[in-house]
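The values are calculated or read from the model by the stated rules, or taken from the named source; none is laboratory data. The structure presented is a predicted model; accordingly, all values stated were derived computationally and were not measured. In this analysis, Cβ positions are derived from the backbone assuming ideal geometry, glycine residues included, and neighbour counts consider all displayed protein chains. Quick note on the areas: whole protein, heavy atoms, side chains included, nothing else; ligands and nucleic acids left out. Shrake-Rupley method; radii C 1.70, N 1.55, O 1.52, S 1.80 Å.
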Amino acid sequence: PAAPPASPPPVPTPKDVADRQSGQGSDEETVTVTQKRLSLMMTREKDQGRQSALRDLAAEAGLDPDSVDAEQIKQVLGDAKKLKEAQLSEEQRREAAFADREKAITAKETTAAETLAAAQAKLQEAQRTSALIGLGAADADLEDALVLLDKALAETPDADADAIAEAAKDLKKRRPALFGT
């Protein structure tokens, strides 16, 4: 008897073709996983990653990586933050104290300069008055002679005693009436 003609093989679907092609030269195998199982696997991976990160942080912080928990890490980080803030505020306090000292020194220097200027002005006035009295000026004439002498020495406000005496002598020559002559 003759063999009945063989029926042609079924036409492969696109999925069959894709499965055959992906299977060539690859170790991958298609696995079906339920959503619950996938969530469980992802949670486990996330926990392992977290534990790995905690272990790394614990090792960096000098804690025992095998018995560390998140609270210990939070404590170490909190302590480090407090220390940094304390150092920063200590530094800011020192800077403020330094600025205050600088202001105080500047104020003292200003006061000293003002006091020195006032003392020099009084010395100049005393030297001028003394030179005019020594030449015979007195009372109202002394005041007038002092104004004229100040005007004559306007170019040299810090004139020395010799310059003052010379200017007073010149004034006496020009205005002898102020000196009782």
Per-q log10 I(q)/I(0), the range 72-181, q = 0.10, 0.11 Å⁻¹ (Debye; single scatterer per alpha-carbon; no solvent): -0.51, -0.55
Calculated FRET value between residue 35 and residue 86, using beta carbons and R₀ = 41 Å, to 0.05: 0.20
Magnitude of the charge dipole, the range 59-102, Cβ model with Lys/Arg +1 and Asp/Glu -1, debye to 20: 240 debye
Cα centroid separation, the range 59-103 to the range 114-143 (Å): 66 Å
Accessible surface of the chain, 1.4 Å probe, proportion on carbon and sulfur as whole %: 57 percent
Dipole moment magnitude, nearest 20 debye, the chain about Cα centre, only Lys, Arg, Asp, Glu C-beta charged: 460 debye
Label-point gap, in nm, between residue 103 and residue 120 - each point 7 angstrom along Cα→Cβ: 2.9 nm
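In Å², and per residue, what accessible area does the chain have when probed at 1.4 Å with the other protein chains present?
Details: 14790 Å² over 181 residues.
Ligands and nucleic acids excluded, the figure is 82 Å² per residue.
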Gain upon complete extension [residue 64, residue 141; 0.36 nm per residue less C-alpha separation]: 17.9 nm
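Specify the longest stretch of the chain that does not include any exposed loop site, a site being one of the GluC sites (Glu not before Pro) with a non-H, G, I, E, B DSSP assignment and at most 10 other Cβ atoms within 10 Å. Walk me through the numbers on the way to the answer.
Numbers: sites that count: 28, 29, 155.
With GluC sites (Glu not before Pro) excluded where exposed in loops, the chain gives 30-154 as its longest stretch.
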Proximal lysines to residue 151, defined as alpha-carbon separation beneath 20 angstrom and excluding residues fewer than eight positions away on the same chain: 122, 169, 172, 173
Unit charges at the beta carbon, dipole of the range 23-181: most positive-side option, 121, 159, 105: 121
Those lysines that a straight Cα-Cα span of less than 20 Å connects to residue 46, excepting residues fewer than 8 apart in one chain: 36, 74
